[in-house]
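K.L.:
Sharing a structure, written as structure tokens. Questions coming.
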Amino acid sequence: MINLKFQNYKNNIIFFQRKLFYFLFFVIFIFIFFPYLKIFNIIKTDTQPNALFISLILNFLFLPYLFYLNNYFVYLIIPFLMSLFLFPFSSEYIYGIREIGGYISVLSISISVYIYFKKYNFLNLKKFFFFVIFIWLIFGVLQYFFYDQIKTILPRLSTSPERGSTSLAPEPSYYGLMLVFFIWVTVEFFDSLKIKVVLILIILFQLLFIAKSAIYVFTIILVILLYLLIIFVLFIYNKIKLKYDNIILFYFLVFFSVLIILISFSFLKNTRIYDIFFRILKNPLLFFLKDESALDRLEDIFLSFKGFFENFGLPHFFGDWLYYINGTLNDNKIDFLKLKFIYNGTRIKSLWGGVLFNLGLIGLSYIFLINILLIKNYKKIKNTILLILFFNLIFISQVPLAHPFIGFLYGYLIYKNEIKELED
């Protein structure tokens, strides 16, 4: 009798534990794909740390399991430990805390995502992502009618009619960032070609006509152009083979895409995308030197990489960024770039530029890991090239390290590589 009661008690504990894990994993997925929702009005950052907090709880509950993680997590642990080492020497402790928050976010969320896929994987991700994409679409449209109401659930909201809607993000560019991530999610997690095409068209519609995010529209265009160039060169040198019917289909799709883009621009008059497109066509160099927003991003990328090389790959202390850029922008050595616009950023917006400037050579572990995982997980050279271009061009632009999707991407790719190695 006692043994029976004990067994029932044990079963109830296991049942409760499983339900708790299911609930926490579901919540962390919500916060990963809705990273800007303001739950508590405490932390004044655009990317809210909700997913980080849930991941810390999950990782504490799975503490014994952490000793058996995949070896690739070393590439995420070392940068986090380096950030802790640099923190006491920071000139700006608030800045240092935010940076450490980014490094622990990547590590903690990636571990939680890895554990989810390895041990549970109970969510129907196709349905989940389907609803996620449409929720972003619905709120993007609703914002035109309920601006003030949506503003209350976000840390801030900054836009204008020329820039477009922000949906559930603080700015149109952050909305655009989520949309480009959704492109990869759609290709990766959906099997049906028809569903992939429909969802990608819906995502591109949001990007062009609702978010009107110039930076990510032109990032995607740049990815496509570089991809075509690389594939063409490899084809010419017989490094890859292309079937002639595929070539004909490919050129038809390129022609059709260009036609759609040109038609789309007729509906985008008086928007920043339209303005940027024709200013670049008229004089690309003048655009990047005169447009404050474009120059700000160009300076951000150029100066962060410049600081990395000038310091011979050694790390900078947290808070050194503002001192460095103020000195560099007044340096006559870079007059050839005509960088006369005063940089207005307080932190590095470029993900790759930020980890290299702050951590030095240790920051290369992030770049190495994402690229080696892409190479190992996607065997076809054409797919590998496209994804390497896609993620590296996005991460070199305006992506915060604390964005929970970064941790999701690392955790999922590490898990996927582990499965592929077991199958091989």
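The values are calculated or read from the model by the stated rules, or taken from the named source; none is laboratory data. Just so it is clear, the structure is predicted and the values come from calculations on it, not from any experiment. Methodologically, a virtual Cβ is constructed for each residue, glycine included, from the backbone with ideal geometry; neighbour enumeration extends over all protein chains shown. When the accessible area is computed, the model is the full protein with side chains, heavy atoms only, and any ligands, DNA or RNA have been set aside. Shrake-Rupley method; radii C 1.70, N 1.55, O 1.52, S 1.80 Å.
K.L.:
With only alpha-carbon atoms counted, please give the Rg and Dmax of the stretch 36-91, in Å.
P.N.:
My reading of the Cα-based Rg and Dmax gives 14.7, 37 Å.
K.L.:
Per the Kirkwood definition applied to all pairs of different Cα atoms, how many angstroms is the hydrodynamic radius of the stretch 67-128?
P.N.:
Answer for the stretch 67-128: a Kirkwood hydrodynamic radius of 13.4 Å.
K.L.:
Filter the trypsin sites (Lys or Arg not before Pro) in the stretch 339-422 to those in DSSP coil with at most 12 other Cβ atoms within 10 Å of their Cβ, and list the result.
P.N.:
Lys340, Lys379, Lys380
K.L.:
Where the accessible area of the stretch 353-395 is counted over protein heavy atoms with a 1.4 Å probe, how much of it, in %, is carbon and sulfur?
P.N.:
Here carbon and sulfur together make up 78 percent of the probe-accessible area.
K.L.:
Whole-Hz Karplus ³J(HN,Hα) for the stretch 63-78, in order, using 6.51 cos²θ - 1.76 cosθ + 1.60 and θ = phi - 60°, x for Gly and Pro?
P.N.:
3, x, 6, 5, 7, 10, 6, 4, 4, 5, 5, 4, 5, 9, 6, 4
K.L.:
While we're on this one: Principal axis extents for the stretch 105-149, Cα atoms only, whole Å, descending order, please.
P.N.:
43, 25, 12
K.L.:
For the stretch 10-136, what is the charge dipole size about the Cα centre, in debye to the nearest 20, if Lys and Arg each add +1 at the Cβ and Asp and Glu each add -1 at the Cβ?
P.N.:
640 debye
K.L.:
Moving to a separate point now. Which shape class, rounded, prolate or oblate, goes with the stretch 164-209 when its Cα gyration tensor gives a ≥ b ≥ c as root eigenvalues, a/c under 1.5 marks rounded, and past that a/b bigger than b/c marks prolate?
P.N.:
Since a/c reaches 1.5 and a/b is larger than b/c, the shape of the stretch 164-209 is classed as prolate.
K.L.:
Another question about this same structure. Over the Cα atoms of the stretch 339-419, each weighted equally, I'd like the Debye log10 I(q)/I(0) at q = 0.12, 0.16, 0.23, 0.25 Å⁻¹, rounded to two decimals.
P.N.:
Taking Cα atoms of the stretch 339-419 as identical point scatterers yields -0.40, -0.66, -1.17, -1.30.
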